[in-house]
Amino acid sequence: MPTMQTLRSLPPLARSCLATLAMLAAICWLGPLFTAFDPHSPDWDSLSVAPGVNGHWFGTDAIGRDVFARTLAGGRLSLTIGLLASVVALVIGVGYGAIAGLAGGRVERALVRVLDVFSALPFLLVVILLLTLFERSLGLLLLAIGGYVWIDLARVMRAESARLRDAPFVLAAHAAGATFSQRLRWHVVPNLLPLAFVYLGLILPQAILVESFLGFLGLSVDEPSASWGTLLAEGVQELDTAPWTLLFPASFLVVTLAAFQFLGDGLRDWMDVRGQVARSEPVEPAAA
């Protein structure tokens with residue numbers, strides 16, 4: 001019932017998470033307006049100063065770089081990489097799942113077996129190996145992260161596509177002579193996109209977390225750029241002398257991941273029209 005779905009408002013928790021993410025994104029992208037310090041330029045008169053000293057709201061690191069400016073710059077990079085990698089995963093997962101579900105039969109079984117093989121692989125170790133062996137670039141990083149987070153999405157899309165395969169409008173299009181690609185483009189993929197965008201809210205924090213983990217290992221972007229993962233690695237090294245260099249980037253990362261996770265859960269419940277309608281229908285008493 002798409003009309004009921006469009007009329008329902010978002011759950012309060014999802015609205016709060018969406019507002020939190022919008023505020024975090026605005027702060028990160030408008031960071032230069034909030035601070036006069038450059039994230040890469042050291043202040044040699046303020047080495048490892050505490051938050052609030054000499055105008056450094058979040059303090060500085062061991063070589064005098066402003067932690068507030070670096071946290072916002074790292075947020076811009078982590079959010080951008082996470083979003084782009086999630087779009088890569090969305091394209092791969094929706095395409096793969098739609099083809100597998102609509103094809104059915106031996107083709108579907110073969111593609112599902114391929115997914116099982118990918119799921120069995122220690123994929124994060126494969127990503128680390130790729131980034132170690134080959135020259136690091138933004139494209140390789142996006143493909144590596146997107147290739148890591150697309151598998152669960154493809155499973156969901158395959159199941160939904162298999163359900164749509166037997167829907168009356170798809171069967172009618174097939175009977176009218178529509179080819180496989182036409183049914184895929186005109187009927188299956190458009191009906192998968194709402195669910196796919198809901199799951200985008202679930203795979204995006206996973207992509208950000210993977211990028212932060214790679215940055216922590218030194219396998220993400222190169223200096224002088226720094227993501228939240230890179231800042232965490234630097235903060236661990238200065239934990240005894242300047243714990244704020246770890247505290248503030250970690251806080252931003254945790255809040256972002258939690259907001260995305262709760263937003264994805266809220267959107268998933270919001271899109272579950274059939275479940276809500278079924279739960280709202282009264283149960284008929286059994287006949288005596």
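Among the residues of segment 128-142, write down those that are assigned to a helix (DSSP H, G or I) and farther than 16 Å from I208 by Cβ.
Answer for segment 128-142, where residues must be assigned to a helix (DSSP H, G or I) and farther than 16 Å from I208 by Cβ: I128, L129, L130, L131, T132, L133, G139, L140.
Please go through segment 105-137 and give me each residue that is loosely packed, with under 15 Cβ neighbours inside 10 Å and under 19 Å from the mean Cα position of the chain (by Cα), ordered by number.
Result: S119, L124.
So V170 ticks every box in (1) crowded, with 16+ Cβ neighbours inside 10 Å; (2) modelled with pLDDT under 85; (3) among the hydrophobic types (A, V, I, L, M, F, W, C) but one. Which box is left unticked?
(2)
Filter segment 220-253 down to residues that are buried (at least 20 other Cβ atoms within 10 Å of the Cβ) and part of a loop (DSSP other than H, G, I, E, B), then give me how many there are.
5
Counting just the residues of segment 50-73 that are surrounded by fewer than 20 Cβ atoms within 10 Å (Cβ to Cβ) and of a type in the set (A, V, I, L, M), which one comes out nearest to W244 (Cα to Cα)? So that I can check it myself, show each step before the final result.
To start, the set of residues in segment 50-73 that are surrounded by fewer than 20 Cβ atoms within 10 Å (Cβ to Cβ) comprises 50-55, 57, 62-64.
Now narrow it down to the ones that are of a type in the set (A, V, I, L, M): 50, 53, 62-63.
Details: A50: 8, V53: 13, A62: 11, I63: 14 Å.
Among those that are surrounded by fewer than 20 Cβ atoms within 10 Å (Cβ to Cβ) and of a type in the set (A, V, I, L, M), it is A50.
Here are some conditions: (1) free of Cβ contacts under 8 Å to residues at least 12 places away in the same chain; (2) within 30 Å of A226 (Cβ to Cβ); (3) part of a helix (DSSP H, G or I). S181 meets all but one. Which one does it not meet?
Unmet condition: (2).
Name the residues in segment 1-46 that are among the aliphatic types (A, V, I, L, M), surrounded by 15 or more Cβ atoms within 10 Å (Cβ to Cβ) and modelled with pLDDT of 85 or more, would you?
Of everything in segment 1-46, those that are among the aliphatic types (A, V, I, L, M), surrounded by 15 or more Cβ atoms within 10 Å (Cβ to Cβ) and modelled with pLDDT of 85 or more turn out to be L18, L21, L24, A25, I27.
V91 fails exactly one of the following numbered conditions: (1) buried (at least 17 other Cβ atoms within 10 Å of the Cβ); (2) under 15 Å from the mean Cα position of the chain (by Cα); (3) among the aliphatic types (A, V, I, L, M); (4) more than 26 Å from D222 (Cβ to Cβ). What is the number of that condition?
So the condition that V91 fails would be (1).
Could you grab me the full set of residues in segment 74-84 that are buried (at least 24 other Cβ atoms within 10 Å of the Cβ) and under 12 Å from A25 (Cα atoms)? Reasoning before the result, please.
Going through segment 74-84, the residues buried (at least 24 other Cβ atoms within 10 Å of the Cβ) turn out to be 74-75, 78, 81-82.
Hits for segment 74-84 are G74, G75, S78.
The values are calculated or read from the model by the stated rules, or taken from the named source; none is laboratory data. It should be emphasised that the depicted structure is a prediction, and the values quoted were computed from it without experimental measurement. Please note: Cβ atoms are built from the backbone with ideal geometry, for glycine as well, and neighbour counts cover all protein chains shown.
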